[in-house]
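The values are calculated or read from the model by the stated rules, or taken from the named source; none is laboratory data. Here the structure is a predicted model, which means the values were calculated and not measured. Backbone-built Cβ (ideal geometry, glycine too); neighbour counts: all protein chains shown.
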Amino acid sequence: MLKRRSFLAYFSIGWLTSCFPVVLAACAPNKSATQATATTDTPTTDDKGTAKPALKKTADGFTVVGSVAQLEKAGYLQTKEVAVSKDPTNPKQLLAVNPKCTHQNCDVKWMAGEKKYDCPCHDSEFAADGKVLKGPATKSLATYPAKIVGTQVLVKI
């Protein structure tokens with residue numbers, strides 16, 4: 001039969017052992033912090049895991065996010081940093097927003113037929129210009145200046 005002191009010793013050792021993975025995870029570097037320090041010259045991948053060309057910055061601070069042909073074909077362009085679509089009220093104008101939901105930082109998806117962004121986590125909806133259409137999000141998506149130069153779509157992130 002275990003004595004109280006032995007039971008408490010075994011219980012303490014078991015408890016400390018079960019906390020060890022949590023302590024290791026807390027001490028590990030945060031993935032988003034390491035991704036934030038990555039340069040724009042690293043290749044990115046799309047939803048299917050195929051490699052995309054690296055994003056290139058121009059001298060005036062704009063970043064090439066894709067081509068006009070890609071924008072025309074898909075109806076939008078999206079990277080981890082920015083989502084670009086045509087303005088539904090003025091198709092000659094581009095709208096660029098941060099694709100992270102302001103509610104809990106989930107990636108929003110462009111709904112081309114409805115001309116809006118939808119958050120799959122909690123059903124927030126945003127207009128093409130980033131304004132909140134439906135909560136629980138209360139803040140609009142951050143917007144960025146966007147333009148077309150030649151055959152490239154550029155955004156100032």
How many of the residues in the range 119-157 are part of a loop (DSSP other than H, G, I, E, B) and among the basic types (Lys, Arg)?
3
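Could we say that Gly66 is buried (at least 17 other Cβ atoms within 10 Å of the Cβ), out of contact with any helix residue (DSSP H, G or I) (no Cβ under 8 Å at 6 or more places or on another chain) and either at pLDDT below 80 or not basic (Lys, Arg) (or both) here?
yes
Quick one: in the range 142-157, of everything that is surrounded by fewer than 17 Cβ atoms within 10 Å (Cβ to Cβ) and of a type in the set (A, V, I, L, M, F, W, C), which residue is farthest from the chain's Cα centre (by Cα)? Break it down stepwise before answering.
Our first condition is that a residue be surrounded by fewer than 17 Cβ atoms within 10 Å (Cβ to Cβ); within the range 142-157, this holds for 142-143, 145, 147-151, 156.
Then drop every residue that is not of a type in the set (A, V, I, L, M, F, W, C), which leaves 142, 148-149.
Details: Ala142: 12, Ile148: 23, Val149: 25 Å.
So, considering only residues that are surrounded by fewer than 17 Cβ atoms within 10 Å (Cβ to Cβ) and of a type in the set (A, V, I, L, M, F, W, C), the one farthest from the chain's Cα centre (by Cα) is Val149.
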Considering only the range 121-141, I want to know if a residue exists there that is touching a His at 6+ places or on another chain (Cβ under 7 Å), modelled with pLDDT of 85 or more and either among the basic types (Lys, Arg) or surrounded by 21 or more Cβ atoms within 10 Å (Cβ to Cβ) (or both).
yes
Mind counting the residues in the range 70-82 that are surrounded by 21 or more Cβ atoms within 10 Å (Cβ to Cβ) and touching a residue at least 40 places away in the same chain (Cβ under 8 Å)?
2
Quick check on the range 100-122. Is at least one of its residues without any contact (Cβ under 8 Å) to a residue 24 or more places away in the chain and touching a Ser or Thr at 6+ places or on another chain (Cβ under 6 Å)?
no
How about the range 104-116: which of its residues are under 13 Å from the mean Cα position of the chain (by Cα) and at negative phi?
Gln104, Cys106, Asp107, Val108, Lys109, Trp110
If I ask for residues that are at pLDDT 50 or above and among the hydroxyl-bearing types (Ser, Thr, Tyr), which ones from the range 8-44 would you list?
Tyr10, Ser12, Thr17, Ser18
